[in-house]
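J.: Below is the structure I would like to discuss, written out as structure tokens.
Bear in mind these aren't lab numbers, they're just calculated from the coordinates by the rules spelled out. Bear in mind the structure is a predicted one, so any value in this text is a computation, not a measurement. As a convention, Cβ positions derive from the backbone with ideal geometry for all residues, glycine included, and neighbour counts pool all protein chains shown.
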Amino acid sequence: MLEFLFGKKVKNPPKDVRLNEVYKKLQKHFEVENIPDERKAFLRKTMKQYGYLNYPYIKALEELTPAEILYALMFKFEDNGVIENGKFKVNNKNISALARNKITTSDWIKKEGHDIKLINLAGLKDGNKTKEPGKFIDWLRQLLILPTGNLDSNIFNTTIYLIPFHPREFGCAYLPKSSEVSENLFDKEIFELTGMDAKEQVQTFIMLAQLAGHPVIYDILPQTGRFSKAVLANPEIARWYDVNDLIEKLTVKVDHVAEELEGMYDNDDIEVVKNLYKQNINGSLGDLSAHYQNIYNDFDGHMNHYKIELSNRMLNKSSQIKIHKTIREIVSETLDVKQGRQLEENDITKQIDIIQKLIEKGLWPAPGGAWCSSGVPVFDKMSEGRDYPVFKHYNYLGEDVSCFANLDCQTPYYFVYLENGTYNTPVIDYFVNYMEKLQSDYNFDGYRVDHIDHIVDEYSEKSGVPISYRAPRYVLNKLNTTLKKKIPYFCTLAEYMLWDNYLKEYHQDMNFDLLWGNDIVSQCSKTPQTIVDDNSNLTNYNVNYKAGEKLSILKTYNNQDGEFRAIDQYPGQLGEKGALFKWFKYKFLPGGKFAQRPVLYVDGDESFTKRGIESVIGDEISMARENHYEFYKQFDAIDRFVKSQNIITEGEAQIITEENDGFCAWLIAREPLKQAFLILANYKCPTEKVTLIDSNGESYSDIIESDPVQNKSVHLPVDFKVVTEYKFEDYSIKKQPVQINENIVTAERLEPGEFKIYGIEKL
């Protein structure tokens, strides 16, 4: 209508107008009005009581109809004050719950008691029955069951942490083919009903999540897929190899090496190996006998230095300018567009054709390397069958670390001219602008930056100068600072696992709010005392920072790396009681004013799904889940109880005792309150995967079982007495009166993973 009246498009049309149109169509199509009154009454009562539907996702899949989802969600919207007379009523600037609540710092995500749930949209259908990826209504089902927070204690509703939803290469979410939304997420029925394409379906889900009070953060990457549309439209953002040219030069060099080896081996043998080496460079080497292998190895030793020299020379700026020009010509010719025209991703309509022509010319983006590699990847040869180039990777000491490489399908951004350590400003600007646009398109409340775990150690910096393919600290500071200046509440999470305690570098130098932490790589060693020590270390770091400027470190119950074979540490290994205790200790070991720490968990953890997230990070398929409702009830009850207790969310845990057999006890107190909590527990889990040493000094992994502890006592401070015990009852943790006349609390028996909660008061 406005366009008709004024003859031009409205720059920022009100989003609530379109949202009301869509939601009304959904309600009508799925016949919300036909939900039985009894069912409506149940949903209304539950939503009013908890603020969300307290179901694990698998139960929501099995029980809820689309109509019930749409109906029950309205209560979340009402609680957030975004509904007026049954319609959404918001302006474009306050769709985020953080904006509506006038939040001006990133402290909201650092709050003790706050949850972050890692979700893959594709995984949200019933993977127990089908591999079909989750679609729009499935996403809303997840939204309905997401726990609320407690704004009276400054705890926002559970943050949704989305892994990349772009089209992917090689079965990995972290290898995007483009910036588009994957067509595998496209819901044809929703499109035919509302006109929303895949991108608008994702945008609408995110908007509804935020209107329901949930912040939304997203996984971003300092790299892209090997031949992504971004790389094809803007070849300058990547380093490139002309492998045909390299093979030609290497072939000539082999002849020279053969001459150098004359007299050391039989001439006929040298000739045989020389030809075999040339074939190998081109990807067609067969098996070698031991005799020829020795000569081959000698050839290879002489060639390696030249390979390093050639690769470094080709990745110099002067060479890259020429290669970029050639690539642009190929892309323009394939698309039949004018030479020199600045292209965007949308212009890359013949992605496969362009890739094929580039490969024919031997033009390949330079890949990433290993976690410990430095410098440039070194072209070694073509793979068997000549399908792709194979690279070697070296660390800063010149040691071959190719055995650790798993990133050869990634294309890192060309942030730095590694020959002299200077910054590639146009590419840095491209990257920051792209991330700004991504945020603007989806209204994200924060980013988690992937693959930045070793960017300030000796593998990536020398005297402060970048020496690796990774994003330098300067780039990350610019990214974070730019977004925070634009959006005051914007939060940034770094994938940094505290290897060398670079807190200042990530916090001050790069402007990150939150760090990944090392929980996933130290699951079994994270005893209550260790967690309290972590809290203390963070307190010592934060003591000189004021509100809004402090650093936080995740308490990671689980993440997308937990099942990764190189880590292999996830809650399901601990048994049901052990997994529940892991959740409990992360919730019940607060760090106080200077060590506020949220908890991260993975979709499916709430019902004791032991494995699954790794599979859906690979393929866009639905995730198989456990239907362990009893586990869920306790998992959820712990979460809700903590959010309701500011003694915990504002207080600090202090260890009373921690013994080698598993017995431990701690206090949670908040000054000047007279009330406190006493916890008694067996911190050993029923089963734990641990690293052991055999008689030869070699390490190996094994599953061990733990034992109960018996007749353990704790002496309370003389001015305290126990007044209540808290136990699971129905869907909650409820207090029960208890009479303990002395200041000694005794546990007759605690099974592995068992815990007891007491309320104590000062006399």
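J.: Can you give the extra length, in nm with one decimal, that the chain gains between ASP429 and TYR700 once fully stretched, where that is 0.36 nm per residue apart less the Cα-Cα distance?
T.: Full-extension gain reported as 92.9 nm.
J.: Antiparallel as a % of all DSSP beta bridges within the chain, to the nearest 5?
T.: 70 percent
J.: Net charge within 13 Å of GLU236 by Cβ-Cβ distance, Lys/Arg positive one each and Asp/Glu negative one each, not counting GLU236 itself?
T.: Net of charged neighbours comes to +4.
J.: Tell me which trypsin sites (Lys or Arg not before Pro) from the stretch 658-725 have a DSSP coil assignment and no more than 15 other beta carbons within 10 Å of their own.
T.: Sparse-neighbourhood loop trypsin sites (Lys or Arg not before Pro): LYS674.
J.: What net charge is computed for the residues neighbouring SER607, neighbours being all others with C-beta under 12 Å from the C-beta of SER607, Lys and Arg scored +1, Asp and Glu -1?
T.: Every neighbour counted, the sum reads -4.
J.: Distance between the C-alpha centers of the stretch 729-763 and the stretch 172-187? Whole Å please.
T.: 50 Å
J.: TYR388 to ARG44: extension gain in nm, 0.36 nm per residue of separation minus the Cα-Cα distance?
T.: Taking TYR388 through ARG44 to full extension adds about 118.1 nm, to one decimal.
J.: For the chain, what is the calculated [θ] at 222 nm in deg cm²/dmol (nearest 500), taking -39500 (n - 2.57) for each run of four or more DSSP H residues and dividing by its residue count?
T.: Theoretical 222 nm ellipticity from helices: -11000 deg cm²/dmol.
J.: Using bins 20 angstrom wide from zero, how does P(r) for the chain break down, in % of all Cα pairs?
T.: Histogramming the chain at 20 Å steps yields 15, 44, 31, 9, 1 percent.
J.: Calculate how steeply helix 629-643 sits against the longest principal axis of the alpha-carbon atoms of the chain, using the helix alpha-carbon long axis, and give the answer as 0 to 90 degrees to the nearest 10.
T.: Rounded to the nearest ten degrees, it is 80.
J.: Continuing with the same structure: If Lys and Arg each add +1 and Asp and Glu each add -1, what is the summed charge of the other residues whose beta carbon sits under 12 Å from the beta carbon of LEU19?
T.: Net charge in that neighbourhood comes out at +3.
J.: I'd like the orientation of helix 267-281 relative to the chain: the angle between its Cα long axis and the longest Cα principal axis, in ° from 0 to 90, rounded to 10.
T.: So the helix axis and the longest Cα principal axis differ by about 50 degrees.
J.: Something else: Could you tell me how far the Cα centroid of the stretch 191-235 sits from the Cα centroid of the stretch 391-459, in Å?
T.: 21 Å
J.: What do you get when you divide the Cα radius of gyration of the stretch 110-212 by 2.2 N^0.38 Å, with N the number of residues?
T.: The value comes to 1.17.
J.: At ASP457 and GLN736, where each label point lies 7 Å from the Cα along Cα→Cβ, what is the point-to-point distance in nanometres?
T.: Using points 7 Å along Cα→Cβ, the separation is 4.9 nm.
J.: What's the FRET efficiency of LYS325 with ASN501 using the Cβ-Cβ distance as r and R₀ = 60 Å, to the nearest 0.05?
T.: Efficiency, from the Cβ-Cβ distance: 0.85.
J.: Could you give me D for the stretch 651-763, from Stokes-Einstein at 25 °C and 0.890 mPa s, where the hydrodynamic radius is the Kirkwood radius over C-alpha pairs? Units µm² s⁻¹, please.
T.: The estimated diffusion coefficient comes to 155 µm²/s.
J.: How many angstrom separate the Cα center of the stretch 681-696 from the Cα center of the stretch 501-552?
T.: That distance is 26 Å.
J.: Next up: If r is the Cβ-Cβ distance from GLN339 to GLU729 and R0 is 60 Å, what FRET efficiency results, to the nearest 0.05?
T.: 0.25
J.: Also, I was wondering about something else. Using only Cα atoms and rounding to the nearest 10 degrees, what angle (0 to 90) does helix 317-335 make with the longest principal axis of the chain?
T.: Computed tilt is about 80 degrees.
J.: Here's a follow-up. Sorted from fewest to most neighbouring beta carbons within 10 Å, what does the list SER289, SER440 look like?
T.: Listing SER289, SER440 from fewest to most nearby Cβ atoms yields SER289, SER440.
J.: While we're on this one: Sticking to Cα atoms, compute the Rg of the stretch 213-325 to one decimal and its Dmax as the biggest Cα-Cα distance, whole number, in Å.
T.: Over the stretch 213-325's Cα set, Rg and Dmax evaluate to 20.3, 78 Å.
J.: Among the lysines in the stretch 22-68, how many pairs, 8 or more places apart or on different chains, have alpha carbons under 25 Å apart?
T.: Taking the Cα cut-off of 25 Å, the pair count is 12.
J.: For the stretch 121-173, which chymotrypsin sites (Phe, Trp or Tyr not before Pro) are both in a DSSP coil and crowded by at most 16 other Cβ atoms within 10 Å?
T.: When the chymotrypsin sites (Phe, Trp or Tyr not before Pro) of the stretch 121-173 are filtered for loop state and at most 16 Cβ neighbours within 10 Å, PHE170 remain.
J.: Just rank SER373, SER402, SER318, fewest to most, by other beta-carbon atoms within 10 angstrom.
T.: Fewest-to-most ranking of SER373, SER402, SER318: SER318, SER402, SER373.
J.: Let me ask something additional. Be a star and scan the stretch 697-736 for residues whose amide nitrogen sits under 11 Å from the point 7 Å along the Cα-to-Cβ vector of THR746.
T.: 711-714
J.: Return the distance in nm (one decimal) between the two label points of a simple spin-label model at ALA547 and ASN420, each offset 7 Å from Cα along Cα→Cβ.
T.: 4.9 nm
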